[in-house]
Amino acid sequence: MDAGSLSVDRLNTVLASRLGSARVRAVRDEEIGTGQMSESRRLRMEFDGVSDLPATMIAKFPSADEKSRMTGKLTRCYEVESSYYRDLRDALDVGAPKCFYVEHDEATDDFLLLLEDFAPCRQGDQITGCSAHEARACIDELVRLHGPLWNASFLTTLPWLNRSEVSDRAGTQALMNMVYVGFTERYHDRLSPAARELGAEFVKISDGYFRRQFPHRTVVHGDFRLDNLLFRDDGSVGVVDFQTVTHACGSLDLAYFIGAGLTTDLRRDLEHELVKRWLDGLRDYGVTLSFDDAWNEYRRYTFAGFVMAVIASMIVKQTDRGDEMFLAMANRHAQHAVDLDSLAAVRN
């Protein structure tokens, strides 16, 4: 699957059940986004009659980069995102795009998603961070992801979603340990002293992070950060890139977003408020979780984004912006962990 395969004939075939009597008569595409695991194009279509489908859609398909594509196969991210839109999107309240078509080939790992286009909108910027107002809006959207299926037994029936058992996390731990030295060598001069010191200590005690049983489970995005959040003109937040969605502890997404999405000073000012906002929103879904319990999990998961920055930077294609983004994440999350004494939380 590539951009060249998104022909008029192909679109008429995959959208046949939704086109009614109309047909696609012309299409042009334009590149969007800077995704490192897959490719995205905006499709601008012309129909030969009246259609209920929008004239623009987002097409998402495998990366043209062989390293990223092999990583996609190894991490199952193409399978996972396709399965999310097939099995879960309509069961949640989160502002994910509507899906007009989904396919995934298990043998080749090819996939195609045709998704709602949220334009006009503004993509969040992981490097510069977000405002307090934007942070609150993102936390509200996180509630809409976590709340509907909190501790739902239905989630245990989805094999593709259940990839966060202790054995799975042990594999992530092994991968982290394998690439960590290369990460520190590549980025040594751009990592803060806190990131270098904390990372070295975390690797030594990471059993307490990777092998701990979850106190609760829900649908977890796994990469809930600004580059995957779209700020729309109507004030809503769109959430995209469900390639890492899993069945895990909701506090992971919470700490991941706050630790990297906010600059350090803003995070220090707002994090208590934002954790409480998340808890208050979950109560509307009947979830009862004490602030102390939520805060302790939040402290432990300050390492979630650090782990992602280390691993992802070493297994996907390297770009200048990617390096800047991963370093912003690693350095902010490291300071986050230092501020909250998260090493102690992991040891306990």
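Brief remarks follow.
- The criterion of at least 3 residues that are out of contact with any strand residue (DSSP E or B) (no Cβ under 6 Å at 6 or more places or on another chain) and farther than 20 Å from Met37 by Cβ is met by the following helices (runs of 4 or more DSSP H) wholly inside the stretch 62-177: 132-146.
- All positions within the stretch 279-296 that are part of a helix (DSSP H, G or I) and touching a Phe, Trp or Tyr at 6+ places or on another chain (Cβ under 9 Å): Leu279, Leu282, Ala294
- Pair list, Cβ under 7 Å, 6 or more apart: the stretch 65-87 residue β-branched (Val, Ile, Thr), other residue in a helix (DSSP H, G or I): Thr71/Ile315
- Tally, over the stretch 17-61, of residues that are in a strand (DSSP E or B) and among the small types (Gly, Ala, Ser): 4
- Subset tally (residues that are at pLDDT 95 or above and either buried (at least 19 other Cβ atoms within 10 Å of the Cβ) or of a type in the set (A, V, I, L, M, F, W, C) (or both)) for the stretch 145-173: 11
- Put simply, of Val80, Val50 the only residue that is β-branched (Val, Ile, Thr), more than 20 Å from Pro120 (Cβ to Cβ) and under 15 Å from the mean Cα position of the chain (by Cα) is Val80.
- Where Leu230 falls short, out of the listed (1) touching a Leu at 6+ places or on another chain (Cβ under 7 Å); (2) within 21 Å of Ala260 (Cβ to Cβ); (3) of a type outside the set (D, E, K, R); (4) outside any helix (DSSP H, G or I): (1)
- Of the criteria (1) at pLDDT below 95; (2) among the small types (Gly, Ala, Ser); (3) in the same structural domain as Thr56 (by TED's automatic domain parsing), which one Ser83 fails: (1)
- Candidates Arg332, Arg321, Arg347: the one that is in contact with a helix residue (DSSP H, G or I) (Cβ under 7 Å, 6 or more places away or on another chain) and exposed (fewer than 15 other Cβ atoms within 10 Å of the Cβ) is Arg347.
Per-residue answers, yes or no, for (1) aliphatic (A, V, I, L, M); (2) in a strand (DSSP E or B); (3) at negative phi; (4) in contact (Cβ under 8 Å) with a residue 60 or more places away in the chain:
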{"residue": "Lys204", "(1), (2), (3), (4)": "no, no, yes, no"}
{"residue": "Arg212", "(1), (2), (3), (4)": "no, no, yes, yes"}
{"residue": "Asp223", "(1), (2), (3), (4)": "no, no, yes, yes"}
{"residue": "Gln243", "(1), (2), (3), (4)": "no, no, yes, yes"}
{"residue": "Leu252", "(1), (2), (3), (4)": "yes, no, yes, no"}
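The values are calculated or read from the model by the stated rules, or taken from the named source; none is laboratory data. Not measured: the values here are computed from a predicted model. Here the Cβ is made from the backbone with ideal geometry for all residues, glycine too, and neighbour counts use every protein chain on show.
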